[in-house]
Amino acid sequence: MQFQQLQYFIAVAETRHFTRAADLVHVAQPSLSQQIKALERELGADLFLRARGNITLTDAGEALLPLARRILADADTARHEVQELVQLRRGRVRLGATPSVCTGLLPGVLHAFHDRYPGVRLLIEEGGSHDLVRELARGALDLALVVLPLPTPSPALTTVELLREDLVVVSSPDAPRPGGGRRTVRIPDLEGERLVMFRHGYDLRELTVAACRAAGFEPDFAVEGGEMDAVLGFVRAGLGVAVVPRMVAVGSGRGLRVTPLARPGLHRTIALAHRSDVAPPRAARELQRMLLER
């Protein structure tokens with residue numbers, strides 16, 4: 001059974017005339033008649049009683065007519081829904097990001113994306129790069145903003161470098177300046193500081209601890225286990241200092257002193273990742289473009 005055959009059937013049923021029906025659907029009358037006969041053969045029943053100048057529906061035709069109209073209406077709805085998705089009127093983007101990226105980079109880009117495509121739902125999942133890579137691999141995310149190098153490199157993922165960001169030291173303005181009051185802080189200067197440290201699995205935790213150990217000392221934690229907002233709050237309260245991305249520090253508002261790290265400093269690379277074997281949906285590709293062009 002073909003959509004075209006149902007369209008021809010409905011035209012004949014409504015006009016009660018094969019020639020007028022053929023004109024209505026813009027097809028030659030013999031072709032329309034052949035398609036109606038093919039439909040009747042497939043269904044195993046006559047759909048019309050054919051008498052000269054008088055075309056009426058059989059019982060089978062009466063039963064098929066509302067179903068045929070519903071089938072064609074559903075097909076039109078399906079086409080319309082797909083077109084809306086293609087044209088980004090509706091849709092969904094599942095984006096993963098590390099908490100610090102959510103705080104610093106994403107708000108402005110997501111605001112611009114939402115203004116342009118208000119019908120697209122944005123689903124954000126925060127997590128460490130290791131967790132986000134796992135979620136990408138199992139198809140639970142369309143895109144993810146991760147920190148390079150990946151904890152477990154995966155050939156099934158495509159990554160595009162988005163930005164290289166400096167890390168800085170934040171402290172309470174009411175506390176003594178870290179590093180003896182100098183304008184920049186060296187990693188060895190952190191040996192005398194109590195650090196507010198992120199939870200295990202946080203990319204910034206591994207990076208900071210590795211830098212301290214490379215400088216020959218174990219960091220001293222005043223408090224540990226927090227997410228980004230908690231860490232910044234503990235620093236504001238004077239519990240210690242923390243190493244955070246510059247973008248987060250600058251955008252966190254009052255109550256924090258920001259001190260750059262002396263050269264060569266510490267940096268991290270943020271990349272946009274997606275599965276290599278599956279193309280992201282159209283809405284996700286558009287968000288990807290806006291992130292890369294920001």
Quick one: what Rg and Dmax do you get for the range 124-253 from the alpha carbons, in Å?
-> 16.0, 49
What Kirkwood hydrodynamic radius do you get for the range 1-63 when you take the inverse of the mean 1/r over all pairs of distinct Cα atoms, in Å?
-> 11.4 Å
Ellipsoid semi-axes in whole angstrom, largest first, where each is sqrt(5λ) of the Cα gyration tensor of the chain | 68, 17, 14
Specify the residue with the greatest mean-square fluctuation among T259, T58, T159, computed from a Gaussian network of the chain linking alpha-carbon atoms under 10 Å apart.
-> T58
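G127: net charge of surrounding residues, Cβ under 12 Å, Lys/Arg +1, Asp/Glu -1, itself excluded? Intermediate values should be presented prior to the final figure.
Numbers: positive: R134, R199; negative: E125, E126, D131, E135, D203, E227.
Summing Lys/Arg as +1 and Asp/Glu as -1 gives -4.
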In nm, what is the difference between 0.36 nm times the number of residues separating A78 and H17 and their Cα-Cα distance?
-> 19.0 nm
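Which whole-number value in Å² is the accessible area per residue of the range 1-159, probe 1.4 Å?
Values: 8800 Å² over 159 residues.
So the range 1-159 comes to 55 Å² accessible per residue, rounded to a whole number.
Got the relative contact order for the range 104-254 handy, in percent, Cα pairs under 8 Å and 6 or more residues apart? Could the numbers behind the result be given before it?
Working: 165 pairs, mean separation 40.3, N = 151.
Computed value for the range 104-254: 27 percent relative contact order.
Quote the relative contact order of the chain in percent (integer), defining contacts as alpha-carbon pairs under 8 Å separated by 6+ residues.
On the way: 462 pairs, mean separation 61.1, N = 294.
Computed value for the chain: 21 percent relative contact order.
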Highest-fluctuation residue, G180, G255, G238 considered, GNM on the chain with Cα pairs under 10 Å = G180
Picking from I55, I270, I124, which is most flexible by a Gaussian network model of the chain using Cα springs under 10 Å?
-> I55
Can you tell me the dipole magnitude for the range 72-127 around its Cα centre, using point charges on the Cβ only (Lys, Arg +1; Asp, Glu -1), in Debye to the nearest 20?
-> 100 debye
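So, by mean Cβ neighbours within 10 angstrom, what's the order for 160-171, 13-24, 33-44 with the highest one leading? Each step should come with its number before you reach the end.
Values: 160-171: 18.4, 13-24: 16.7, 33-44: 14.8.
Ranking the peptides 160-171, 13-24, 33-44 by packing returns 160-171, 13-24, 33-44.
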Roughly speaking, to the nearest percent, how much of the range 1-48's 1.4 Å accessible area is carbon and sulfur?
-> 47 percent
Highest mean packing first, using Cβ neighbours within 10 angstrom, the peptides 59-66, 245-252 sort as 245-252, 59-66
Considering only protein heavy atoms and a 1.4 Å probe, what is the carbon-and-sulfur percentage of the accessible area of the range 226-294?
-> 53 percent
Can you pull the Kirkwood radius for the range 122-167, inverse mean 1/r over Cα pairs, to one decimal in Å?
-> 11.4 Å
Quick one: helix 106-116 against the long Cα principal axis of the chain, what's the angle to the nearest 10°, folded into 0 to 90?
-> 20 degrees
Beta bridges per DSSP with both ends in the chain, % antiparallel, nearest 5 = 60 percent
CD proxy at 222 nm, helix term only [per DSSP H run n ≥ 4: -39500 (n - 2.57); per residue of the chain; nearest 500] = -13500 deg cm²/dmol
Label-point separation in nm, A156 to R186, each point 7 Å along Cα→Cβ = 4.6 nm
Per-pair calculated FRET efficiency, R0 = 30 Å: R89 and D229 via Cβ, rounded to 0.05 = 0.30
If you take the Cα atoms of the range 4-117, find Rg, then find the Kirkwood Rh from the mean of 1/r over all pairs, what is Rg/Rh?
-> 1.37
Whether the range 156-206 is rounded, prolate or oblate, judged on the alpha carbon gyration tensor where a/c under 1.5 counts as rounded = prolate
Just add up the charged neighbours of G91: K/R +1, D/E -1, any other residue whose Cβ is under 12 Å from the Cβ of G91.
-> +3
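Working from the pairwise distances between different alpha carbons, so that the mean of 1/r is found and then inverted, what is the range 202-265's Kirkwood radius in Å?
Values: mean 1/r = 0.0785 Å⁻¹.
Averaging 1/r across every pair of different Cα atoms and inverting gives 12.7 Å.
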Alpha-carbon centroids, the range 173-249 and the range 1-63: separation in whole Å = 79 Å
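The values are calculated or read from the model by the stated rules, or taken from the named source; none is laboratory data. The structure presented is a predicted model; accordingly, all values stated were derived computationally and were not measured. No Cβ is skipped: glycine too gets one built from the backbone with ideal geometry, and neighbour counts run over all protein chains shown. For accessibility, only protein heavy atoms count, side chains too; no ligands or nucleic acids. Shrake-Rupley method; radii C 1.70, N 1.55, O 1.52, S 1.80 Å.
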